[in-house]
Amino acid sequence: MTTDKAACTIITDALASHGVTDAVCSPGSRNAPLLLAADEEKRWRKHVVVDERSAAFIALGMAATSGRPVALICTSGTALLNYAPAVAEAYYRAVPLIVVSADRPREWIDQDDSQTLRQFEALSNFVKKSYDVPDAKGKQADWYASRIANDAMITALTGRRGPVHINVQLDAPLTSKGAAPSLRDAIRVITSEDKLPQQAIEALAEEAKEKKILVIAGFLPPDAALSLALRKFATLPNVFIMSETIANLKAVDGCDSIDPLLSSLPEETLEEMKPDIVITIGGALVSRFVKAWLRKSPHAAHWMVGHSHTTVDCFQSLTTRIETSPAPFFRQLGGALRKQRSPEGYSNEWRRLNSTSKGIHSDYLKKCPWSDLKVFSIISDRIPAGYNVHYSNGTPIRYSQLFPAAQANSCWCNRGVSGIDGSTSTAIGSAIISTPPTLLISGDMSFSYDIGALACHEIPDSFKAIVINNSGGEIFRFIPTTRDLPERERYFSAPPALEISKIASAYGFTCNLANDPEELRSGLEWLFNHKGKALLEVVTPPEINSRILTEYLNIKI
């Protein structure tokens, strides 16, 4: 039995797993759950010091002398502020102090409650990073506390070492006990600027021995070396690669349309095809299907490869951060795995399923009526080789994952935070400094939002735009959050009060219009042959777009 505040036990366990062997604790009421958790942590030596100012300097001496991280545990209020002098010293001496402070729940801050002040980021000028853990219960809350604690320790111990601050909100009762929560293994980090040490590669290869490996690529800049490395890696019989359009991988044998494949598989097949190891590269994923599927597979190990500013645990099963460049990593790991006897069948079965899925979806498209889905199927086949393609957020980037622009030079979208603001401006900025021509594919809402970008006098004649006019906010007619709301058309999917072609014409664009497949095909031929900057507006029926897309993603093998 230990404290019933699961976050406290999860945090102390993670700190111990990352090498903390000493904790300097100061007494208090609000931090009682943290002290109970510390008392149960048998890997720690506990040192009780009443005065927090002295406690922090004592911890500094321990950490500086041993070279190991040392934990500091204090109660709420000014107790935390008394750590500041020692934490500042630790910051400038690169000493890893792990400050863990108890706090009141967020709603009680600035409410004249006893011992409350603004604790989160109170030490922000003198720590590498600040973290705030809410007082919450359940699986999601436990996962969050674990991710926070692991990231705090990785931050403190990698790069230029230094202190970090974990602020833990705790509500009454404070001394209740319960069973210890389920604990995850610590997330390990392997760091190398370029090539990993051979010993590290051999250890990873041993871990991957006879395992089913799934590589998933999110947004990335074009990288010929990475594409080549993955082409070779994909020849291993236990490896399959799934990539998104904006991953910019070229000629890699795998799946480049994730959502149609995964949505077409019955539950029993998805269960059979679960990987043993997931390796992710690149940024945030567009595909909601792959995220939902892998979040049901917490037993799968997850390796995140690439340089990251934080611990990204998208599938809630991260086991290893591999801070190195992806191309040499896959060359090294592939070489090591080829020395082993890899299990047959995993990659071949994925290829069979992918081929079958493409076939049935292709049959659907042949009879598909005029809609956004039909439009993107036509556009994707007709983008000339060499174009840099920019997608706006919302509908266009999601449809792009169904029909990758195979001939494009590169594909881009603002998926860092996925906002609709600035999609046109970003494409124009790219066009200004780019030798290859630029194509923007935008929805009417995103395009109207950023209409002022057309006033830029540096837009080159090679800039082309396709605007899908589906009467605004088509994504809100599709996603479960808003599709059934009676207020949807008024507040979420309201069409922009702008006539796109007239506005673009006023800014010097030559415009054309497409209302059906034949007009679209001829319009695309016109667009890509036009000598000046040009825009093709494509009008689709909002009343059937979401229904067609739903049908498409509900086709089963």
Completion exercise
In whole angstrom, largest first, the equivalent ellipsoid semi-axes that the Cα gyration tensor gives for region 367-468 are 21, 16, 12
Practice task
Please work out whether region 299-429 counts as rounded, prolate or oblate from its C-alpha gyration tensor, where a ≥ b ≥ c are the square roots of the eigenvalues and a/c under 1.5 means rounded, while otherwise a/b larger than b/c means prolate and anything else oblate?
Solution key: oblate
Practice task
Pop a pseudo-label 7 angstrom from the Cα along the beta-carbon direction at both THR158 and ARG295 and give the gap in nm to one decimal.
Solution key: 2.4
Exercise for the section: Would you kindly derive the ³J(HN,Hα) couplings of region 505-514 from the backbone phi angles with the Karplus curve 6.51 cos²θ - 1.76 cosθ + 1.60 (θ = phi - 60°), listing them in order in whole Hz, with x for Gly and Pro? Expected result: 4, 5, 8, x, 8, 8, 10, 9, 10, 10
Practice task
Note the full-extension length gain between ALA455 and ARG341 as 0.36 nm times their separation in residues minus their Cα-Cα distance, in nm to one decimal.
Solution key: 35.0 nm
Fill in the blank from the handout: Given a Förster distance of 60 Å, the FRET efficiency implied by the Cβ-Cβ spacing of LEU485 and SER54, rounded to the nearest 0.05, works out to 0.55
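If we count other beta carbons within 10 Å of each Cβ, what is the order of ILE241, ILE383, fewest first?
Details: ILE241 25, ILE383 22.
Listing ILE241, ILE383 from fewest to most nearby Cβ atoms yields ILE383, ILE241.
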Problem - Long-range HN-HN contacts of MET242 with modeled amide H, under 5 Å - result: VAL215, ILE216, ALA217, CYS255
Completion exercise
For TYR144, TYR92, ascending order of other Cβ atoms within 10 Å (fewest first) is TYR92, TYR144
Exercise for the section: Determine the shape class of region 188-356: with a ≥ b ≥ c the square roots of the Cα gyration tensor eigenvalues, call it rounded for a/c under 1.5, and otherwise prolate if a/b is greater than b/c, oblate otherwise. Expected result: rounded
Completion exercise
One finds, for ILE555 and ALA172 with R0 = 45 angstrom and r their Cβ-Cβ distance, a FRET efficiency to the nearest 0.05 of 0.25
Handout entry: Span per principal axis, largest first, for the Cα atoms of the chain (Å)
Key = 80, 61, 43
Fill in the blank from the handout: Note, region 338-344: 3J(HN,Hα) by Karplus (6.51, -1.76, 1.60, θ = phi - 60°), whole Hz, Gly/Pro = x, goes 5, 7, 9, 8, 7, x, 7
Exercise for the section: Just check region 1-129 against the gyration tensor rule for me: Cα atoms, a ≥ b ≥ c as the square roots of the eigenvalues, rounded for a/c under 1.5, and otherwise prolate or oblate depending on whether a/b exceeds b/c. Expected result: oblate
Practice task
Report, ordered by chain and residue number, the lysines lying within cross-link reach of LYS274, taken as a straight Cα distance under 28 Å and ignoring same-chain residues fewer than 8 apart.
Solution key: LYS139, LYS209, LYS211, LYS212, LYS232, LYS250, LYS291, LYS296, LYS339, LYS358, LYS556
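Report the full-extension gain for the segment THR191 to GLU121: residue separation times 0.36 nm, less the Cα-Cα distance, to one decimal in nm.
Stretched out fully, the THR191 to GLU121 stretch lengthens by 22.5 nm.
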Problem - the chain: calculated mean residue ellipticity at 222 nm from DSSP helix runs of at least 4, using -39500 (n - 2.57) - result: -11000 deg cm²/dmol
Exercise for the section: Give the long-range amide H neighbours of TRP412: residues separated by 5 or more places, or on another chain, with amide H under 5 Å away, using H modelled in the peptide plane at 1.01 Å from N. Expected result: VAL389, HIS390, TYR391
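Sum up the charges of everything whose Cβ sits under 9 Å from the Cβ of PHE528, counting Lys and Arg as +1 and Asp and Glu as -1, but leave PHE528 out.
+1
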Practice task
Name the long-range amide H neighbours of THR191: under 5 Å, sequence gap of 5 or more, or other chain; modelled H, no Pro or chain starts.
Solution key: GLU323
Completion exercise
In the chain the DSSP beta bridges are antiparallel at a rate, in percent to nearest 5, of 5
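Coordinate-derived values only; no laboratory data. As the structure is a computational prediction, the values presented were derived from the model and not from experiment. Glycine also receives a Cβ, built like all others from the backbone with ideal geometry; neighbour counts cover every protein chain displayed.
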